[in-house]
Number of protein chains: 2
Amino acid sequence: MNDTLMLTIAVLGGTGKEGKGLAFRWAKAGYRVLIGSRSPEKAVKAASEIMELLEGTSSVVGMANPEAAEQANIVVLTVPYAAHRSTLESVKDSLKGKLLVDVTVPLVPPKVSKVQMPPAGSAAQEAREIVGEDVEVVAAFQNVSYEHLLGEEDVACDVLVTGTSKKARGEVLRLVEATGLTGWDAGPIENSVVAEGLTSVLIYINKQYGSTHAGIKITGARNQIPESE
Amino acid sequence: MNDTLMLTIAVLGGTGKEGKGLAFRWAKAGYRVLIGSRSPEKAVKAASEIMELLEGTSSVVGMANPEAAEQANIVVLTVPYAAHRSTLESVKDSLKGKLLVDVTVPLVPPKVSKVQMPPAGSAAQEAREIVGEDVEVVAAFQNVSYEHLLGEEDVACDVLVTGTSKKARGEVLRLVEATGLTGWDAGPIENSVVAEGLTSVLIYINKQYGSTHAGIKITGARNQIPESE
């Protein structure tokens, strides 16, 4: 048994469809998964829904966001952008020395198909400003159609992984692999604007070309998780 | 014969490999192509090199950037970012009512694998600020390995087309089609940050995964040029 699988992952905002899909895939891969929410009741309900899909073979537990963050090694943020700052503020004391995976896309309704980044440059860079330098921040999973994650099907969308260190990106590339998707080390946290902005581009393409789950694939390179430094 | 093919395209900075590759494909498709450069001599030389590749079946002429811009219907900018502003200033009086296609990526050496956008948000948005509202600006072709354009081979990289109007993006989608590549209407000019930033991501991926021409493909949508409004 791989040591990695003893890690506990907290999925904050895990009651939404994005978080549920990721939680399902990670629990299925053997990780211990905590579902966090502002409402502990909703978190418990979402956890039991995921457990049902998994037919009881794995461990998924629901609780309030701060408790989930406290108990986890890796904290994954899957909240709407409007709740990005407040959720981070509510858990930042539990994050020191941990890995934060930010899935947030700074969509600004109603123009969600237009890229509109916050002053920090991207949601992930904003997260880094909020949580401070003691926390590694990695941005990932912004472009995946989460409906697909809750099923067994292959998801035809690669994951661009950007973040504050190569080591942290390597850890998240393993999490990507555990979901069955293909991840790419896409460089420093400043590059997160590409993956976050791409969500607006894909929403635009869906609207324009009558599709529902446009994604991207990297071509011309052989995918292989790079060695950690 | 299609009316489109009577259009004249000026490729400013067309002596570089990016510009030459595009000029070659467009001339081959039947467009009249002008190669622009700060040095008219270099422009003439590049034009004759392209004519040789084409075996004399098409029209490619070299001249100074301002003359090329003056004589063209569509002006394509393929200069290094350091020459972006000065080239635009040198031709802006010729651009009114025309279409400007900006291929520029705001790479900041030596960290070319880190996204570093100008204050305007992207090179294309900066171009729009310089040339003013009388010029339609479309960003495209930032992610293609131009070595491939000078050959006959298929290029496994899609082109994200963003710009100031749907009509202008539609015109550029036809130019993309003429090069043999697949283009996607990727939305308003603000979305150009994604394609420009993606170049740094692809440079990073090339370095990290030992490839030389990483690209992207859009998945999950059927490509079809949308009707103009």
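Computed values, structure above
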quantity: Count of region A:201-219 residues which are in contact with a Phe, Trp or Tyr (Cβ under 9 Å, 6 or more places away or on another chain) and basic (Lys, Arg); calculated: 0
quantity: Any chance A:Glu153 is open to solvent by 10 Å² or more (accessible area, probe 1.4 Å), touching a helix residue (DSSP H, G or I) at 6+ places or on another chain (Cβ under 7 Å) and not hydrophobic (A, V, I, L, M, F, W, C); calculated: no
quantity: Contacts under 9 angstrom Cβ, first residue in region B:141-166 being among the polar types (S, T, N, Q), partner part of a helix (DSSP H, G or I) and open to solvent by 40 Å² or more (accessible area, probe 1.4 Å), 6 or more apart; calculated: B:Thr162/B:Glu190; B:Thr164/B:Arg128
quantity: Region B:104-119 residues that are modelled with pLDDT of 95 or more, paired with ones that are surrounded by fewer than 20 Cβ atoms within 10 Å (Cβ to Cβ) and among the aliphatic types (A, V, I, L, M) (beta carbon under 6 Å, 6 or more apart); calculated: B:Val112/B:Ile203; B:Ser113/B:Ile203; B:Gln116/B:Val108
quantity: Cβ-Cβ under 6 Å pairs, at least 6 apart or on other chains, region B:189-203 side farther than 24 Å from B:Val135 by Cβ, far side hydrophobic (A, V, I, L, M, F, W, C) and surrounded by fewer than 24 Cβ atoms within 10 Å (Cβ to Cβ); calculated: B:Ile203/B:Val112
quantity: Failed criterion for B:Gly14 (all others in (1) in contact with a helix residue (DSSP H, G or I) (Cβ under 6 Å, 6 or more places away or on another chain); (2) among the small types (Gly, Ala, Ser); (3) modelled with pLDDT of 95 or more; (4) open to solvent by less than 20 Å² (accessible area, probe 1.4 Å) hold); calculated: (3)
quantity: Filtered residue count, region B:159-172, keeping only those that are surrounded by fewer than 24 Cβ atoms within 10 Å (Cβ to Cβ) and either under 14 Å from B:Val103 (Cβ atoms) or within 14 Å of the chain's Cα centre (by Cα) (or both); calculated: 2
quantity: Hits in region A:129-141 (condition: open to solvent by 60 Å² or more (accessible area, probe 1.4 Å) and either touching a helix residue (DSSP H, G or I) at 6+ places or on another chain (Cβ under 9 Å) or β-branched (Val, Ile, Thr) (or both)); calculated: A:Glu136
quantity: Every residue from region B:102-119 that is hydrophobic (A, V, I, L, M, F, W, C) and either within 27 Å of B:Leu173 (Cα to Cα) or more than 13 Å from chain A (Cβ to nearest Cβ) (or both); calculated: B:Val103, B:Val105, B:Leu107, B:Val115, B:Met117
quantity: Selection count where residues are within 18 Å of the chain's Cα centre (by Cα), surrounded by fewer than 23 Cβ atoms within 10 Å (Cβ to Cβ) and either of a type in the set (D, E, K, R) or assigned to a helix (DSSP H, G or I) (or both), scope region B:97-120; calculated: 1
quantity: Failed item in (1) surrounded by fewer than 22 Cβ atoms within 10 Å (Cβ to Cβ); (2) under 14 Å from the mean Cα position of the chain (by Cα); (3) not acidic (Asp, Glu), with A:Val144 passing the rest; calculated: (1)
quantity: Matching option when the condition is at pLDDT 95 or above, open to solvent by less than 70 Å² (accessible area, probe 1.4 Å) and farther than 24 Å from A:Val137 by Cα, among A:Ser94, A:Ser39, A:Ser59, A:Ser90; calculated: A:Ser39
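The values are calculated or read from the model by the stated rules, or taken from the named source; none is laboratory data. The model shown is predicted, which means the values in this text are computed figures rather than measured ones. When we count neighbours, we look across all protein chains shown, and the Cβ atoms used for this are built from the backbone with ideal geometry, even at glycine. Just the protein is used for accessible areas: all its heavy atoms, side chains included, with ligands, DNA and RNA removed. Shrake-Rupley method; radii C 1.70, N 1.55, O 1.52, S 1.80 Å.
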